[in-house]
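The values are calculated or read from the model by the stated rules, or taken from the named source; none is laboratory data. It should be emphasised that the depicted structure is a prediction, and the values quoted were computed from it without experimental measurement. Positions of Cβ are generated from backbone atoms using ideal geometry, with glycine treated the same way; all protein chains shown enter the neighbour counts. Please note that ligands, DNA and RNA were not included when accessible areas were found on the heavy atoms of the full protein model with its side chains. Shrake-Rupley method; radii C 1.70, N 1.55, O 1.52, S 1.80 Å.
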Amino acid sequence: MRAILKKHFGYEEFRPLQAEIITHVLARRDAVVLMPTGGGKSLCFQLPALMSAGMTLVVSPLISLMKDQVDTLQANGIAAAQINSAVEGAAIAKIKRQAESGSLKLLYVAPERLAMPSFRAWLKTLTVSLIAIDEAHCISEWGHDFRPDYRTLRTLRPDFPGVPMLALTATATARVRQDIVEQLRLRQPQIFVSSFNRPNLSYAVRSKRHAFPVLVDLLRQDSHASAIIYCFSRAGTEKLAGKLKQCGFVAEAYHAGLDSDTRRQTQERFIRDETRIIVATIAFGMGIDKPDVRLVIHYDLPKSVENYYQETGRAGRDGLPSQCVLFWSFGDVMKHRFFIREIADQDEQHRVEEKLHQMVQYCEQRSCRRQYLLNYFGEQWAEINCRSCDICLPSVAPDVASTLAPTFDRELFEKLRQLRTQLANQRRVPPFVIFGDRSLQEMATYYPQSLASFARLYGVGQRKISDFGPQFVQLIRRYSAGKNIDELARPVWRERGADPADVFSPTYEETKALVKQKLSIVEMAKRRGLVSGTIMGHLEKIHLADPALSLDYLRPDSSRLTKITAAFKKSGGLSLSPVRKILGEAYSYDELRLARMFLRS
Ligand code: ADP
Ligand code: MG
Ligand code: ZN
């Protein structure tokens, strides 16, 4: 199974529960899978599909979700297709022939299609190895996203009595779970529940006073990172998007008041990395599986913890560090109450008010945010310190993922990113279908010089080696030759419990050796062919990991350090931009960042 995982998907290890679920499905038994967004549910039916004779049928509620998954599978060389209202008749006929010939491994369909008797009859003539119901909570009226079309799925069991069924969802209360089992008529299903903790997400609550400059700061941390900003009202999204545009950001508003074409195009541009920032009401998000959203910001207070968890869940599906920041003011509670007062049904009014109250508690409490979220969903959280919320680690906000992001060669990363966009446009697929950010980051860390070493990287499977390997390796070789950089050996990645610092250790070790020679930052950057910001990142990590190693020779001149220290105090935080604003141009970002290390120690 591991060999197939690497060969087709380029991954080395299973995520928690994936191997168990796949084994269970291959034994042809029913199951319900409850895993948070980004947990890796799709693989639980995609891998068995490749290992079984016949075709796996996947039911998915939204055309956009289907399309992304099918594009991604095809880029991995897997025979997958979709049939829905967006696919033309001629194309459908071709897909049907492919299915009849037995060469199609996965067929994605919308529930409406399954309601058509002729389609159903055709399906029954095929060998179906597995039926996967994605977003299975849509079948339940008790869920937040009920879709009447999902009701037609009740007749799947009698129509396909011998085929195992797998229901998957990220949101299920006990009631919804029971409903899924009953409606789909699952047979003695095993229920797999994984932890809902999202270890790569950091959580922070910031005061809403002066929110805009803090927001701008957050967005400037990484000039390419995709971000979603949630606002309370349609007018609010338009206004904020306008302000961001004035500051030079590529931002667009998205809400239910826009016509469906505009909405679809906005969503498409976001997925293709053309629009970096979406300012949305909650109408945005359900239809996208974009794996590299690095920031989810709540500019206004969400109405419940469920909503908050779900919306923040859209960050960091690819497992890379991502931030969730909420701007909090009591004034927002009043806005919600205004609408709550309009609710006629007393019980309902009470229930909604209670949910809001729990959201307020989240903002006002002084204990771990992650713990609160997990407890809310009935999960025990044993850790005393999560090390990635603003309570457990005050410096986490808003300047996190400079201290937490794995370091890599930014300059090369940008070049790789351009190549990715170019290939994606040629093939008319979203960039993440070519390679995810983590794959590019590994390229910009290990500088593979041959296809053999390229093949070891995260997310590089058989098909991607042959389709994209030569171009990427060529770019990396040219880049590293120009800078005299050698390839680094990539250690074996361990998905769980692995400290990113361990994984990237060779690069740190090299910088550390240069520190021992007491080289200046500029010299280190030159020797290593990296930009000084990257070296600075290494120093921060090395300093945290090995405080015994003296960096004293890099300490800024004492009168400047005193001024910088005073400015940090005045700013009340550890972010660089406010301090730069106080001190002005005479102090470079590099110097402030360096000084910050000496503040901490
Ligand atoms: P979900 O449906 O649970 O929200 P997805 O199936 O979309 O999650 O997976 C989220 C991301 O994780 C995808 O980019 C997927 O390719 C990746 N992924 C899944 N399984 C693994 C794995 N075993 N190792 C590494 N990445 C994985
Ligand atoms: Mg999914
Ligand atoms: Zn915490």
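Using every pair of distinct Cα positions in the stretch 216-267, the Kirkwood expression returns a hydrodynamic radius of 11.9 angstrom. For the stretch 113-260, what is the relative contact order in percent, using Cα pairs closer than 8 Å and at least 6 residues apart in sequence? Dividing the mean separation by the residue count of the stretch 113-260 yields 17 percent. Protein heavy-atom surface of the stretch 90-196, 1.4 angstrom probe: 52% of the accessible area is carbon and sulfur, with nucleic acids and ligands not counted. Take the Kirkwood radius over Cα pairs of the chain, plug it into Stokes-Einstein at 25 °C and 0.890 mPa s, and you get 95 µm²/s for translational diffusion.
For the stretch 1-140, the solvent-accessible area with a 1.4 angstrom probe is 35 square angstrom per residue.
Let's test the formula: R0 of 22 Å, r as the Cβ-Cβ distance of Arg478 and Leu451. What FRET efficiency results, to the nearest 0.05? Calculated transfer efficiency: 0.90.
Per 10 Å bin, what is the whole-percent P(r) computed from every C-alpha pair distance within the stretch 297-380? Per 10 Å bin, starting at 0, the Cα pair percentages come out as 16, 46, 30, 7, 1. Using the alpha carbons alone, the radius of gyration of the stretch 418-478 stands to its Kirkwood radius in an Rg to Rh ratio of 0.92.
Computed over the Cα atoms of the stretch 260-418, the ratio of the radius of gyration to the Kirkwood radius (Rg/Rh) comes to 1.01. When only Cα pairs below 8 angstrom with a gap of at least 6 residues are kept, the stretch 14-72 shows a relative contact order of 30 percent. Between Glu414 and Gln471, the FRET efficiency estimated from the beta carbon spacing at R0 = 22 angstrom works out to 0.85. With Cα atoms as the point set, the radius of gyration and Dmax of the stretch 213-352 evaluate to 15.4, 48 Å.
Averaged over its residues, the stretch 403-444 has an accessible area of 35 Å² per residue, based on protein heavy atoms and a 1.4 Å probe. Label point of Ala91 set 7 angstrom out along Cα-Cβ; within the stretch 123-155, no amide nitrogen lies under 14 Å from it.
The trypsin sites (Lys or Arg not before Pro) of the stretch 196-229 that meet both conditions, a loop assignment by DSSP and at most 10 other Cβ atoms within 10 Å of the site Cβ, are Arg209. Surface composition of the stretch 228-316: carbon and sulfur atoms hold 49% of the protein heavy-atom accessible area at a 1.4 Å probe. Start at zero, step by 5 Å, and the Cα-Cα distances of the stretch 1-132 spread as 2, 10, 20, 24, 22, 13, 7, 2, 0 percent across the bins. Peptides 510-519, 233-242 ordered by packing proxy, namely the average of other Cβ atoms within 10 Å per residue, highest first: 233-242, 510-519.
Taken per residue, the accessible surface of the stretch 349-392 reaches 58 Å², heavy atoms only and a 1.4 Å probe. Per residue, the Cα convex hull of the stretch 341-458 amounts to 215 Å³. Look at the dipole of the stretch 338-392 built from charges on Cβ: of Tyr372, Val352, Cys386, the Cα furthest out on the positive end belongs to Cys386. How much of the accessible area of the stretch 507-579, probe 1.4 Å, is carbon plus sulfur, in whole percent? Percent of accessible area from carbon and sulfur atoms in the stretch 507-579: 57.
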